[in-house]
Amino acid sequence: MNIDDPRLTAFALGELDEPERSTVARVITESPEAQRFVDETRELASALKKEFAAELKTEKPVSANLIDIRDDPWLWSIARPLAIAAVIAVCALITGVAIFSTQHQKEIATARLPAAHPVEAEVESVGEPSSPVLAQTTPPAQPEFHEDASAPAKWARQFGIKAPSAGPLAKGKPGSSRSVDIAQQSYARRDLATYRQDFNTAAYDHIVENPFLDASSNPLSTFSIDVDTASYSNIRRFINEGSLPPKDAVRVEEMINYFIYDYAQPTDEKPFAVHVDVAGCPWEVSHRLVRIGLKGKEIATDKRGPSNLVFLLDVSGSMMPPERLPLVKQAMRLLVEKLTENDRVAIVVYAGASGLALPSTTGDHKEQILEALENLQAGGSTNGAEGIQLAYKIAAANFIKGGVNRVILASDGDFNVGVTSQGDLIRLIEEEAKSGVFLSVLGVGTDNLKDSTMQKLVDKGNGNYAYLDSPDEARKALVQQMNGTLMTIAKDVKIQVEFNPARVASYRLIGYEKRMLRKGDFNNDKVDAGEIGAGHTVTALYEVVPVGTANNPATSVPPVDLLKYSSNDRSTSARSTSSNEMLTVKLRYKKPDEDKSESVERAVTDTNEGFESAPIDLKFAAAVAEFGMILRDSEYKGNGTLDTVLEWAREGKGNDANGYRAGFIELVRKTQALKKS
């Protein structure tokens with residue numbers, strides 16, 4: 001549908017009847033351009049309507065004493081010269097501010113944009129903001145939602161620029177100067193947005209890579225699984241925008257697990273199957289590469305149980321840009337289209353305060369749900385904790401026993417009002433997770449993405465974390481992998497690998513630095529761990545140094561002092577020496593509605609297979625791992641280069657039905673160009 005189509009304007013103004021309104025609503029879900037047109041039309045119509053109403057209410061009677069005023073000598077001798085001087089001073093001030101603002105914006109645009117891009121493109125990209133946090137929605141009994149009106153003024157003071165005026169949509173006395181306020185508000189907030197984009201407050205946790213550990217003194221390696229994929233799509237966004245990602249934005253395990261691998265499904269009653277294989281390590285030929293793969297049981301969409309979903313959407317001022325709230329709304333529309341009459345959706349929004357935009361509504365009322373999404377607009381500060389509490393309250397009130405109960409949080413994580421510390425937010429999520437409601441987090445934003453906060457909330461909220469850098473990524477997370485995202489088939493999944501010191505000198509787990517557990521946590525059912533969804537695959541890679549290898553990295557670590565009360569010597573047992581087993585993989589997991597864990601165990605023998613004959617999926621996983629280590633400039637990247645990464649990735653591309661592996665190959669090529677420039 002072309003944006004010049006009159007039906008778009010009629011839709012925005014509420015002039016279409018069913019079923020034409022439903023038809024247009026579905027078209028809009030697939031077109032960000034049409035959605036922006038509808039949003040802008042509604043905003044303009046609302047502003048004009050209120051302006052017209054204000055003008056009608058304002059009567060300006062002619063003074064009965066006009067002649068007396070005209071003949072008053074004071075007016076001509078004193079007041080008139082003062083008024084003229086005031087007008088001249090105001091004009092001079094406005095001219096000076098305009099010149100300064102224009103010069104300043106040009107300096108900002110020149111500093112931030114390549115020379116080939118015009119300055120106007122930077123101004124245009126900011127977009128027109130909307131004053132209200134939440135527009136009126138059709139569902140009845142909606143709690144009042146209050147915008148934190150002081151937030152723009154606080155930002156303005158922080159960055160040293162003029163705060164926006166109240167504008168035509170804010171509360172206040174009507175007057176003929178409101179049309180000027182519209183322009184003032186627009187330009188002030190454009191300037192504010194430009195400053196906020198320059199002011200980068202993105203936060204990533206520092207990562208200390210796992211080292212090589214001596215298998216004699218550290219035979220056990222224990223960690224929680226991780227199905228998050230946010231890191232890969234985030235670094236893809238950096239590279240596509242022409243820059244290399246920060247080192248701490250690169251989490252290798254999330255890069256590996258972004259891709260689906262062709263592991264066989266379980267053939268028994270277990271929720272997932274365990275696969276282990278060993279091949280030569282391509283970046284260090286004297287080492288071995290061990291791959292541990294899990295495959296969750298597939299569940300057909302028509303076999304999926306009923307869902308109780310709560311969309312928890314950040315509508316604060318930081319969510320104004322098109323790659324934030326507008327992208328989130330588009331993602332939610334894609335998910336809504338897949339829901340049925342057995343599913344329920346509620347929408348909770350938060351900014352300076354929280355509110356219920358849509359009570360829990362069955363999935364067959366798509367028009368009502370889509371309209372509630374359409375009416376969301378950004379503005380104000382971010383009280384995420386209050387929104388979290390309300391979302392979990394709504395989810396608990398509509399809890400479906402045996403069904404899918406999940407809060408889907410979409411935000412940039414920039415919580416700046418109410419409970420703002422990571423520690424308090426994590427404790428809040430831990431408490432709410434006890435209700436049996438799971439959590440999914442969709443991260444958006446660039447310059448203020450609080451990746452560290454989002455990751456910790458997911459870890460403690462029984463959930464998964466994806467970063468949306470495009471509508472295609474939203475479609476992947478919420479449509480193509482809908483069952484895996486929504487349906488948890490096993491929770492608190494832990495892996496413990498026991499290495500045989502008679503066969504393994506040392507080992508290193510690649511990635512999972514934030515998921516490491518103590519060896520005693522493996523059998524402790526009180527210790528939280530990761531979840532696996534229907535059809536999900538999980539992959540972990542170990543780089544292993546066989547016994548007898550000339551160069552053992554673990555020997556570079558100084559030994560501990562001799563012990564006084566026990567022996568430092570941990571002799572290899574007779575069973576270890578006689579066994580050909582390289583390692584044993586143990587797993588523990590809980591069913592979604594149970595608190596007692598079950599275990600799985602599998603022993604592995606190294607058949608000395610070379611990398612050239614390894615499975616194609618292992619080759620591709622190795623390419624992704626090496627790419628991550630190169631981006632981090634890891635001391636463990638070995639002899640790998642971007643050229644060899646491309647070679648391994650091409651060999652491991654396989655069927656690639658969705659084109660994700662081809663996208664990875666293109667990303668590596670772009671990285672080569674960035675490193676050469």
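The values are calculated or read from the model by the stated rules, or taken from the named source; none is laboratory data. Note that the structure is a prediction, hence the values are computed from the model and not measured. Quick reminder, even Gly has a Cβ in these numbers, built from the backbone with ideal geometry, and neighbours come from all protein chains shown.
Quick rundown of the values:
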item: Qualifying residue in the range 274-293 (condition: within 18 Å of MET516 (Cα to Cα), under 26 Å from the mean Cα position of the chain (by Cα) and in a loop (DSSP other than H, G, I, E, B)); result: no
item: Residue satisfying all of: in the range 252-299; of a type in the set (Gly, Ala, Ser) and without any contact (Cβ under 8 Å) to a residue 40 or more places away in the chain; nearest to TYR542 (Cα to Cα) among these; result: ALA273
item: Qualifying position, being within 16 Å of SER221 (Cβ to Cβ) and aromatic (Phe, Trp, Tyr), among TYR512, TYR589; result: TYR512
item: Filtered residues of the range 633-677 (kept if under 23 Å from ASP472 (Cβ atoms), charged (D, E, K, R) and in contact with a helix residue (DSSP H, G or I) (Cβ under 8 Å, 6 or more places away or on another chain)); result: ARG650, LYS653, ASP656, ARG661, ARG669, LYS670
item: Members of the range 446-470 that are touching a strand residue (DSSP E or B) at 6+ places or on another chain (Cβ under 9 Å) and among the β-branched types (Val, Ile, Thr); result: THR453, VAL458
item: Given (1) crowded, with 19+ Cβ neighbours inside 10 Å; (2) under 30 Å from ASN552 (Cα atoms); (3) β-branched (Val, Ile, Thr), number of the condition VAL310 does not satisfy; result: (2)
item: Sole exception among (1) of a type in the set (Asp, Glu); (2) out of contact with any helix residue (DSSP H, G or I) (no Cβ under 7 Å at 6 or more places or on another chain); (3) surrounded by fewer than 22 Cβ atoms within 10 Å (Cβ to Cβ) for GLU253, by number; result: (3)
item: Candidates ALA649, ALA662, filtered to the one that is more than 20 Å from VAL252 (Cβ to Cβ), outside any loop (DSSP other than H, G, I, E, B) and outside the structural domain of LYS434 (by TED's automatic domain parsing); result: ALA662
item: Matching entry among SER599, SER579 (being at pLDDT 90 or above and polar (S, T, N, Q)); result: SER599
item: Subset tally (residues that are surrounded by fewer than 22 Cβ atoms within 10 Å (Cβ to Cβ) and either under 20 Å from ALA215 (Cβ atoms) or not basic (Lys, Arg) (or both)) for the range 506-521; result: 8
item: Conditions (1) farther than 18 Å from ARG669 by Cα; (2) more than 28 Å from the chain's Cα centre (by Cα): number failed by TYR589; result: (2)
item: Condition broken by TRP648, with the remaining ones in (1) aromatic (Phe, Trp, Tyr); (2) closer than 21 Å to ASN240 by Cα; (3) touching a Lys or Arg at 6+ places or on another chain (Cβ under 7 Å) satisfied; result: (2)
item: Condition check for ASN639: more than 29 Å from ASP214 (Cβ to Cβ) and assigned to a loop (DSSP other than H, G, I, E, B); result: no
item: Hey, ALA502 over 21 Å from GLU594 (Cβ atoms) and in the same structural domain as GLU581 (by TED's automatic domain parsing) or not; result: yes
item: Residue, surrounded by the most Cβ atoms within 10 Å (Cβ to Cβ), within the range 256-282, restricted to residues that are of a type in the set (Asp, Glu) and within 22 Å of ALA534 (Cβ to Cβ); result: ASP262
item: Filtered residues of the range 385-403 (kept if hydrophobic (A, V, I, L, M, F, W, C) and either free of Cβ contacts under 8 Å to residues at least 60 places away in the same chain or buried (at least 20 other Cβ atoms within 10 Å of the Cβ) (or both)); result: ALA385, ILE388, LEU390, ALA391, ILE394, ALA395, ALA396, ALA397
item: Count of the range 250-273 residues which are part of a loop (DSSP other than H, G, I, E, B), within 21 Å of TYR512 (Cβ to Cβ) and β-branched (Val, Ile, Thr); result: 2
item: Scope the range 221-244; condition part of a loop (DSSP other than H, G, I, E, B) and within 19 Å of LEU667 (Cβ to Cβ); matching residues; result: ASP228, THR229, GLU241, GLY242, SER243, LEU244
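Every residue, every condition in (1) modelled with pLDDT of 85 or more; (2) touching a Phe, Trp or Tyr at 6+ places or on another chain (Cβ under 6 Å), yes or no:
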| site | (1), (2) |
| --- | --- |
| ASN416 | no, no |
| ARG427 | yes, no |
| LYS434 | yes, no |
| LEU442 | yes, no |
| ASP451 | yes, yes |
